[in-house]
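Structure, as C-alpha cells:
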Ligand code: GLY
C-alpha cells in the first residue's frame with residue numbers, strides 16, 4: 001500500500017491501494033473514536049459502491065446513516081449543503097462521529113464543507129471515486145459549494161482525517177470523466193516534470209496506483225508549504241485561470257478537465273509570446289494532452305475569454321497572476337498587466 005503523510009494544520013494519511021474500498025471500515029475504526037458514520041454519496045457511485053462501503057463500515061462497528069444525493073455539479077449548492085447538515089443533525093451526530101465522503105469532487109467538497117461547519121467542525125474521511133478527486137480535490141482540505149456568482153465561492157479549509165483511494169474505481173469511470181482527471185495529472189507533470197512525465201509516456205501501460213501516489217505527493221508538498229493558498233499552492237492553478245473562463249463561457253457544458261487542458265495549452269502559448277519558452281513546449285504539451293484524449297483548442301476567441309477571466313477571483317488589482325511554464329517541470333508565477341492582455345491574447349487565440 002502506498003502511503004502519503006500530510007502534515008498540515010492536522011496530520012493525516014492518504015492511502016492508495018487496489019481493493020482499499022473493502023478495508024475502509026477497519027482502517028477508519030483505528031482512527032475514529034465515534035460510533036456513528038454519515039456516508040454521503042451520489043446516485044451513480046451509490047449504485048456501484050454504496051452497499052459495499054456501508055457494509056464494510058458496519059462490520060467495523062460503525063452505525064451507518066447513508067445520504068444519496070443527485071449526481072452532478074448542481075449538487076454542490078447551498079440547498080444540498082443544508083440537506084447534509086440537517087441529515088447530520090437528524091441522526092444526532094456528535095463531535096466524535098464522522099462523515100465519509102464517497103464520490104468525486106462534488107461530494108468531497110460538499111460533505112467536507114458540511115463537516116467543517118456542523119458543530120463547528122467534525123472529522124471526515126475522503127473516499128475519492130474519480131481520478132480528479134483522487135489526485136486533487138480529496139487532498140489538501142479545500143471544501144466548498146458554488147453560489148449563483150460562481151464556483152467554490154463559499155467554503156472552508158478543513159483537512160480530512162484520512163483519504164482512502166482505491167484505484168480500481170477508475171475502471172467504472174466513463175472515458176470522459178476519466179480523461180477529465182488526466183488533465184489534472186498532466187498539470188502536475190507540467191509543474192514538476194520527472195518522474196511523472198515518464199510515468200505518463202505510454203497511456204495503455206500507465207500504472208495508476210503509482211501515478212496517483214506521485215500526484216498526491218506533489219500536492220502534499222505544496223499544501224504543507226502553503227496550506228491556505230497564498231503562495232506556492234497557487235501553482236496548482238496552472239491552466240485554471242483561462243480554463244475556468246472557458247468552462248464558465250460554455251455554461252459548464254464543457255467539463256472542468258477539458259477546459260484545464262485547453263487552459264494549459266494557452267498558458268504555454270502565452271509563455272512563448274512572453275519569451276519564457278520556445279514553441280517546442282507547446283507541441284509537447286499538446287501531444288501529452290492528446291495522448292490522454294483531451295482537447296487542446298479553445299472554442300472561444302481571446303476577447304470573449306478575457307471578459308470572463310477578468311472577473312476571476314484570483315485577479316489582484318490591475319494585474320492577473322498567471323502560472324506559466326518555462327519548460328516541463330519549471331513553471332513561474334507571472335504577473336501580467338491587464339492592459340497588455342488583449343494584445344497578447346489576440347496573438348495566440
Ligand atoms: N485544487 C487546487 C488546490 O487544492 O489548491
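The values are calculated or read from the model by the stated rules, or taken from the named source; none is laboratory data. The shown structure was predicted, so the numbers you read here are calculated from the model rather than taken from an experiment. Glycine also receives a Cβ, built like all others from the backbone with ideal geometry; neighbour counts cover every protein chain displayed.
Structural remarks
- Residue tally, condition surrounded by 17 or more Cβ atoms within 10 Å (Cβ to Cβ) and assigned to a loop (DSSP other than H, G, I, E, B), over region 69-101: 5
- Considered as a group, the residues in region 110-167 that are assigned to a loop (DSSP other than H, G, I, E, B), more than 15 Å from the ligand (Cβ to nearest atom) and touching a helix residue (DSSP H, G or I) at 6+ places or on another chain (Cβ under 8 Å) include one that is nearest to residue 72 (Cα to Cα), and that residue is 129.
- Residue 190 meets the conditions (1) assigned to a helix (DSSP H, G or I); (2) away from the ligand (no atom under 16 Å from the Cβ); (3) buried (at least 24 other Cβ atoms within 10 Å of the Cβ) in every case but one. The failed one is (2).
- Filtered residues of region 228-240 (kept if farther than 25 Å from residue 296 by Cβ and under 15 Å from the mean Cα position of the chain (by Cα)): 229, 233
- The condition of being free of Cβ contacts under 8 Å to residues at least 60 places away in the same chain and within 26 Å of residue 220 (Cα to Cα) holds for only one of 75, 10, 26, that being 26.
- If the condition is being assigned to a helix (DSSP H, G or I) and in contact with a strand residue (DSSP E or B) (Cβ under 7 Å, 6 or more places away or on another chain), then region 27-68 contributes 27, 28, 31, 43, 45, 46, 49, 50, 53, 54, 57, 58.
- Meets criteria (within 17 Å of residue 302 (Cβ to Cβ), in a helix (DSSP H, G or I) and away from the ligand (no atom under 13 Å from the Cβ)) for residue 182: no
- Extreme residue, nearest to the ligand (Cβ to nearest atom), among residues of region 216-234 that are in contact with a helix residue (DSSP H, G or I) (Cβ under 6 Å, 6 or more places away or on another chain) and under 18 Å from residue 330 (Cβ atoms): 233
- For region 106-113, the condition holds for no residue, the condition being that it is more than 12 Å from residue 69 (Cβ to Cβ), at pLDDT 95 or above and surrounded by fewer than 17 Cβ atoms within 10 Å (Cβ to Cβ).
- Search result, residues across region 235-245 that are in contact with a helix residue (DSSP H, G or I) (Cβ under 8 Å, 6 or more places away or on another chain) and either within 13 Å of the ligand (Cβ to nearest atom) or free of Cβ contacts under 8 Å to residues at least 60 places away in the same chain (or both): 235, 236, 238, 239, 240, 241, 243, 244
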